[in-house]
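Notes follow the structure.
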Amino acid sequence: MASKKVLTLVFVKEPGKILLGMKKRGFGQGRWNGFGGKVEKGETILEGAKRELLEESGVTANSLTKVGLINFEFEKDPVILEVHIFKTSDYNGSPMETEEMRPQWYTDDAIPFDKMWPDDHLWFPYMFSNRLFEAYFLFQGMDVIVSHWIKEVESL
Ligand code: 6U4
Ligand code: NA
Ligand code: NA
(Lines give C-alpha, C1' and ligand atoms only; values in the text may rest on other atoms or scores of the structure.)
(Ligands and ions follow the chains in the order given, each with its own letter.)
Protein backbone atom coordinates (compact mmCIF):
# COMPACT_ATOMS: atom_id res chain seq x y z
CA MET A 1 0.00 0.00 0.00
CA ALA A 2 1.22 3.46 -0.88
CA SER A 3 1.52 5.83 2.05
CA LYS A 4 2.06 9.56 2.10
CA LYS A 5 4.48 11.69 4.05
CA VAL A 6 3.59 15.38 4.23
CA LEU A 7 6.58 17.71 4.10
CA THR A 8 7.21 21.43 3.79
CA LEU A 9 9.77 23.48 1.90
CA VAL A 10 10.21 27.23 2.50
CA PHE A 11 12.23 29.80 0.57
CA VAL A 12 13.15 33.18 2.06
CA LYS A 13 13.09 35.74 -0.73
CA GLU A 14 14.42 39.28 -1.08
CA PRO A 15 14.34 41.33 -4.27
CA GLY A 16 16.87 39.73 -6.64
CA LYS A 17 18.06 37.07 -4.21
CA ILE A 18 16.99 33.90 -2.43
CA LEU A 19 18.18 32.17 0.73
CA LEU A 20 19.25 28.55 0.30
CA GLY A 21 20.63 26.14 2.85
CA MET A 22 23.24 23.44 2.38
CA LYS A 23 21.73 20.28 3.91
CA LYS A 24 24.39 18.93 6.25
CA ARG A 25 22.77 15.61 7.14
CA GLY A 26 19.90 13.25 6.38
CA PHE A 27 17.69 13.25 3.30
CA GLY A 28 19.12 15.47 0.56
CA GLN A 29 22.49 15.83 2.29
CA GLY A 30 25.03 17.78 0.23
CA ARG A 31 22.37 19.67 -1.74
CA TRP A 32 21.26 23.31 -1.59
CA ASN A 33 17.55 23.65 -0.91
CA GLY A 34 14.91 25.60 0.94
CA PHE A 35 14.17 24.84 4.60
CA GLY A 36 11.60 22.28 5.67
CA GLY A 37 10.75 18.83 6.88
CA LYS A 38 8.02 16.55 8.06
CA VAL A 39 4.77 17.98 9.37
CA GLU A 40 4.22 16.63 12.88
CA LYS A 41 1.05 15.29 14.47
CA GLY A 42 -1.09 18.08 15.89
CA GLU A 43 0.28 20.90 13.73
CA THR A 44 -1.01 22.36 10.49
CA ILE A 45 1.09 22.37 7.34
CA LEU A 46 1.64 26.11 7.78
CA GLU A 47 2.74 25.63 11.40
CA GLY A 48 5.09 22.85 10.37
CA ALA A 49 6.57 25.00 7.63
CA LYS A 50 7.25 27.89 10.03
CA ARG A 51 8.67 25.57 12.70
CA GLU A 52 11.10 23.86 10.32
CA LEU A 53 12.20 27.22 8.87
CA LEU A 54 12.99 28.49 12.37
CA GLU A 55 14.69 25.25 13.49
CA GLU A 56 16.87 25.06 10.40
CA SER A 57 17.67 28.73 9.65
CA GLY A 58 16.85 30.82 12.72
CA VAL A 59 14.38 32.86 10.66
CA THR A 60 10.82 33.49 11.93
CA ALA A 61 8.24 33.85 9.15
CA ASN A 62 5.33 36.17 9.93
CA SER A 63 3.47 34.93 6.87
CA LEU A 64 4.04 32.42 4.10
CA THR A 65 2.90 32.55 0.48
CA LYS A 66 1.96 29.36 -1.37
CA VAL A 67 4.27 28.45 -4.26
CA GLY A 68 3.45 24.90 -5.32
CA LEU A 69 2.67 21.32 -4.41
CA ILE A 70 4.82 18.39 -5.56
CA ASN A 71 4.34 14.66 -5.14
CA PHE A 72 7.61 12.73 -5.27
CA GLU A 73 7.72 9.00 -5.83
CA PHE A 74 10.84 6.84 -5.77
CA GLU A 75 11.00 3.58 -7.71
CA LYS A 76 10.62 0.53 -5.44
CA ASP A 77 9.53 2.76 -2.55
CA PRO A 78 5.83 2.77 -1.59
CA VAL A 79 6.13 6.11 0.25
CA ILE A 80 5.00 9.21 -1.65
CA LEU A 81 6.41 12.52 -0.45
CA GLU A 82 3.85 15.31 -0.63
CA VAL A 83 5.88 18.52 -0.45
CA HIS A 84 4.13 21.85 0.19
CA ILE A 85 6.30 24.71 -1.05
CA PHE A 86 6.10 28.27 0.28
CA LYS A 87 8.06 31.49 0.12
CA THR A 88 8.28 34.48 2.44
CA SER A 89 9.59 38.02 2.37
CA ASP A 90 7.82 38.79 5.64
CA TYR A 91 10.14 37.51 8.35
CA ASN A 92 12.24 38.41 11.37
CA GLY A 93 15.73 37.35 12.35
CA SER A 94 18.96 36.78 10.47
CA PRO A 95 19.81 33.43 8.93
CA MET A 96 22.26 31.41 11.00
CA GLU A 97 23.96 28.06 10.58
CA THR A 98 22.26 25.18 12.39
CA GLU A 99 22.96 21.47 12.91
CA GLU A 100 21.01 20.71 9.74
CA MET A 101 21.64 23.62 7.38
CA ARG A 102 24.28 26.17 6.33
CA PRO A 103 22.40 29.16 4.88
CA GLN A 104 23.66 31.36 2.06
CA TRP A 105 22.09 34.04 -0.14
CA TYR A 106 22.18 33.49 -3.91
CA THR A 107 21.24 36.02 -6.58
CA ASP A 108 18.31 34.92 -8.74
CA ASP A 109 20.56 34.59 -11.79
CA ALA A 110 23.14 32.37 -10.02
CA ILE A 111 21.15 29.56 -8.44
CA PRO A 112 23.43 26.48 -7.98
CA PHE A 113 21.10 24.05 -9.78
CA ASP A 114 23.91 21.56 -10.36
CA LYS A 115 24.17 21.14 -6.57
CA MET A 116 20.42 20.90 -5.94
CA TRP A 117 17.71 18.28 -6.39
CA PRO A 118 17.41 17.70 -10.18
CA ASP A 119 13.75 18.72 -10.22
CA ASP A 120 14.42 22.22 -8.88
CA HIS A 121 15.48 23.87 -12.16
CA LEU A 122 12.21 22.66 -13.72
CA TRP A 123 9.90 24.39 -11.24
CA PHE A 124 11.93 27.37 -9.91
CA PRO A 125 10.79 29.41 -12.96
CA TYR A 126 7.18 29.03 -11.73
CA MET A 127 8.18 30.28 -8.27
CA PHE A 128 10.14 33.23 -9.68
CA SER A 129 7.24 34.30 -11.92
CA ASN A 130 4.57 33.82 -9.22
CA ARG A 131 2.75 31.05 -11.07
CA LEU A 132 1.19 28.49 -8.69
CA PHE A 133 1.89 24.93 -9.79
CA GLU A 134 1.30 21.26 -9.08
CA ALA A 135 3.86 18.68 -10.11
CA TYR A 136 4.79 15.02 -9.96
CA PHE A 137 8.25 13.49 -10.19
CA LEU A 138 9.19 9.82 -10.33
CA PHE A 139 12.81 9.27 -9.28
CA GLN A 140 15.17 6.37 -9.78
CA GLY A 141 17.58 6.78 -6.89
CA MET A 142 18.36 10.37 -5.91
CA ASP A 143 19.72 11.62 -9.26
CA VAL A 144 17.51 10.40 -12.10
CA ILE A 145 14.03 11.69 -12.98
CA VAL A 146 12.24 8.86 -14.82
CA SER A 147 9.06 10.83 -15.58
CA HIS A 148 7.38 14.01 -14.48
CA TRP A 149 4.69 16.58 -15.15
CA ILE A 150 4.17 20.17 -14.04
CA LYS A 151 1.00 22.21 -14.48
CA GLU A 152 0.07 25.75 -13.53
CA VAL A 153 -2.98 25.97 -11.25
CA GLU A 154 -5.37 28.72 -10.15
CA SER A 155 -5.17 27.91 -6.45
CA LEU A 156 -3.66 25.47 -3.96
P1 6U4 B 1 14.22 14.79 10.47
O2 6U4 B 1 15.18 13.70 10.16
O3 6U4 B 1 12.96 14.37 11.17
O4 6U4 B 1 14.86 16.04 11.04
P5 6U4 B 1 12.88 16.45 8.71
O6 6U4 B 1 13.70 17.67 8.92
O7 6U4 B 1 11.54 16.42 9.34
O8 6U4 B 1 13.72 15.18 9.05
P9 6U4 B 1 13.70 16.15 6.06
O10 6U4 B 1 14.89 16.98 6.35
O11 6U4 B 1 13.88 14.73 5.70
O12 6U4 B 1 12.64 16.22 7.18
O13 6U4 B 1 12.87 16.88 4.92
C14 6U4 B 1 13.25 16.76 3.60
C15 6U4 B 1 13.22 18.11 2.94
O16 6U4 B 1 13.67 17.95 1.61
C17 6U4 B 1 11.85 18.75 2.85
O18 6U4 B 1 11.99 20.16 3.00
C19 6U4 B 1 11.40 18.45 1.43
C20 6U4 B 1 12.71 18.45 0.70
N21 6U4 B 1 12.74 17.61 -0.50
C22 6U4 B 1 12.61 16.27 -0.56
N23 6U4 B 1 12.72 15.83 -1.82
C24 6U4 B 1 12.93 16.94 -2.60
C25 6U4 B 1 13.13 17.15 -3.98
N26 6U4 B 1 13.14 16.15 -4.85
N27 6U4 B 1 13.32 18.42 -4.39
C28 6U4 B 1 13.33 19.46 -3.52
N29 6U4 B 1 13.14 19.29 -2.19
C30 6U4 B 1 12.95 18.05 -1.75
O31 6U4 B 1 13.51 20.59 -3.96
NA1 NA C 1 14.41 19.12 7.65
NA1 NA D 1 11.70 17.35 11.51
Please go through (1) touching a Pro at 6+ places or on another chain (Cβ under 8 Å); (2) of a type in the set (Val, Ile, Thr); (3) open to solvent by 40 Å² or more (accessible area, probe 1.4 Å) for Val59 and return the number of the only condition it doesn't satisfy.
(3)
Could you look through the range 62-76, keep only residues that are open to solvent by 50 Å² or more (accessible area, probe 1.4 Å) and part of a strand (DSSP E or B), and pick out the one that is farthest from His148 (Cα to Cα)?
Thr65
Meets criteria (in contact (Cβ under 8 Å) with a residue 24 or more places away in the chain, closer than 25 Å to Glu154 by Cα and among the charged types (D, E, K, R)) for Lys66
yes
Residues in the range 1-17 that are within 13 Å of ligand 1 (Cβ to nearest atom) and crowded, with 20+ Cβ neighbours inside 10 Å: how many?
5
Pairs where the first residue, in the range 20-43, is without any contact (Cβ under 8 Å) to a residue 40 or more places away in the chain and over 17 Å from Leu64 (Cβ atoms) and the second is assigned to a loop (DSSP other than H, G, I, E, B) and near ligand 2 (Cβ under 9 Å from one of its atoms), C-beta under 9 Å, 6+ apart
Phe27/Gly37
Matching residues in the range 32-44 - criterion: being surrounded by 12 or more Cβ atoms within 10 Å (Cβ to Cβ), more than 12 Å from ligand 2 (Cβ to nearest atom) and assigned to a loop (DSSP other than H, G, I, E, B):
Glu43
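The values are calculated or read from the model by the stated rules, or taken from the named source; none is laboratory data. These figures come from a predicted structure and were not determined experimentally. Using ideal geometry, Cβ is built from the backbone for each residue, glycine included, and neighbour counts are taken over all protein chains shown. Side chains are part of the model used for accessible areas, which takes the heavy atoms of the whole protein and leaves out ligands, DNA and RNA. Shrake-Rupley method; radii C 1.70, N 1.55, O 1.52, S 1.80 Å.
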